[in-house]
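First the structure, in the form of structure tokens, and then the observations on it.
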Amino acid sequence: MILVGNEFYATIAAAIDDFLEYGFDNQDRLNMWLDRIQASARRSLIPEAALRRTLQDTLSQMYNRVTRTARLMKAHPGVAQYTIELIKPKLRAELDRRILASANLITLNREASIARTLKRFAGWASSIPMGGTEVRQRKEVKEQVRRGISALPFEERRVIIDQGHKLNAAINDIVAVDGGAIALIWRHVNERSEAYTPRPEHEARDGKIYVLRDTWALKDGLIKLAGAQYYDTITAVGEEIYCRCTAEYLYALRDLPGNMLTSKGRAKLEEARKTIRRGLIHAT
């Protein structure tokens with residue numbers, strides 16, 4: 001578990017007590033405490049190197065799990081095993097890209113949280129008159145000052161979880177595009193908890209079909225939108241922060257509603273069905 005150490009809280013308390021006693025009498029005093037707060041914050045958080053290792057291990061474990069050939073073939077029944085094996089290098093490159101992006105995001109979030117804490121303390125401390133003052137709400141003041149960084153461990157865990165979902169979504173998107181998917185069904189995660197707040201616009205997408213642009217079915221004039229949207233006109237599955245929705249990819253004309261097929265598409269589908277029926281008859 002990632003924890004903010006007691007040293008950080010003790011430093012914040014000492015800094016507040018010092019300014020309540022002496023007040024903002026010079027900039028050097030404030031700078032000294034800002035340096036101490038910043039140093040204690042960095043020491044109290046899990047080292048970035050260890051956090052990056054946790055991130056890499058977590059995403060690598062997820063990658064190994066979701067890129068098993070059998071699992072990908074089950075999730076994408078329209079894609080041949082040969083195709084999946086061909087795109088494995090692309091999937092690996094996506095893992096490397098996601099690890100780098102996630103590590104950078106964690107670093108940026110950490111620096112921003114520390115900066116917010118220092119700014120909050122500097123704003124409060126510089127308002128105390130010389131000679132100090134008696135503030136009864138010391139506990140509340142301490143809580144306000146440390147709030148910027150106290151939530152950081154939780155946010156860092158959320159980043160790792162979110163990046164894992166983004167990796168999974170990206171892997172499935174690569175398989176779908178390279179495997180010849182023609183559309184997808186948006187599946188909204190049916191969950192409500194303190195850690196996840198559903199987006200109304202994502203709930204409204206649940207069960208809707210979105211067409212992938214420039215697919216073989218479109219180029220051959222076999223399908224039409226029929227009131228549906230192109231997928232690239234909306235935010236993708238997993239694109240927005242903490243989005244946990246998924247996509248069910250469609251590969252065959254028979255997977256689409258009849259009103260999305262053109263006359264050419266309906267004829268093509270009927271021809272395929274006749275071929276299947278003839279094959280069954282010959283087999284018996």
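What follows draws every value from the coordinates through simple rules; no lab data is involved. Since the structure is predicted, the reported quantities are computational estimates derived from the model, not experimental observations. In this analysis, Cβ positions are derived from the backbone assuming ideal geometry, glycine residues included, and neighbour counts consider all displayed protein chains.
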What residues have an amide H closer than 5 Å to that of G238, excluding those fewer than 5 places away on the same chain, when H is modeled at 1.01 Å from N in the peptide plane? C245
Cα extents of region 88-133 per principal axis, largest first, Å, are 67, 8, 8
At 7 Å along Cα-to-Cβ for each site, give me the label-to-label distance between E239 and A252 in nm. 3.0 nm
Give me log10 I(q)/I(0) at q = 0.14, 0.18, 0.20, 0.25 Å⁻¹ for region 1-68, Debye formula, one equal scatterer per alpha-carbon, no solvent. -0.58, -0.74, -0.82, -1.02
The ³J(HN,Hα) series, computed from each phi in region 245-262 with the Karplus coefficients 6.51, -1.76 and 1.60 at θ = phi - 60°, rounded to the nearest Hz and given as x for glycine or proline, is 6, 10, 10, 9, 7, 10, 10, 10, 4, 5, 7, 9, x, x, 6, 8, 8, 7
Percent relative contact order of the chain, based on C-alpha pairs within less than 8 angstrom and at least six residues apart? 21 percent
Using 0.36 nm per residue, how much length does the chain from M130 to Q27 gain when fully extended, once their Cα-Cα distance is taken away? 35.9 nm
Relative counts (whole %) of C-alpha pair distances in region 45-124, using bins that are 10 Å wide: 16, 33, 23, 16, 8, 4, 0
Taking 0.36 nm per residue of separation and subtracting the Cα-Cα distance, what length does fully extending D17 through S60 add? 10.9 nm
Could you identify which residue out of I16, I234, I87 has the top mean-square fluctuation in a GNM of the chain using Cα springs shorter than 10 Å? I234
Expressed in nm to one decimal, what extension gain is obtained for the pair K219 and D206 from 0.36 nm per residue of sequence separation less their Cα-Cα distance? 2.0 nm
Suppose we take every Cα in the chain and form the convex hull; what volume per residue is that in Å³? 166 Å³
Total lysine pairs under 20 Å (Cα atoms) in the chain, excluding pairs fewer than 8 apart on one chain: 13
Could you go through region 11-21 in sequence order and give the Karplus-derived ³J(HN,Hα) for each residue, using 6.51 cos²θ - 1.76 cosθ + 1.60 with θ = phi - 60°, rounded to whole Hz, and x for Gly and Pro? 5, 4, 4, 5, 5, 5, 4, 5, 6, 5, 7
At 1.002 mPa s and 20 °C, plugging the Kirkwood radius over alpha-carbon pairs of region 151-245 into Stokes-Einstein gives what diffusion coefficient in µm²/s? 145 µm²/s
Which whole-number percent is the relative contact order of region 145-279 (Cα, under 8 Å, 6+ apart)? 29 percent
Taking the Kirkwood radius as the inverse of the mean 1/r across Cα pairs, report the Rg/Rh of region 199-240. 1.02
Can you compute 3J(HN,Hα) from phi for each residue in region 70-79, using the Karplus curve 6.51 cos²θ - 1.76 cosθ + 1.60 with θ = phi - 60°, rounded to whole Hz and x for Gly and Pro? 4, 5, 5, 5, 6, 6, 10, x, x, 10
For Y249, enumerate residues with amide H under 5 Å from its amide H, sequence gap 5+ or separate chain, H modeled in the peptide plane. I185
Amide H proximity to L45 below 5 Å, modelled H, separation 5+ or other chain, gives G5
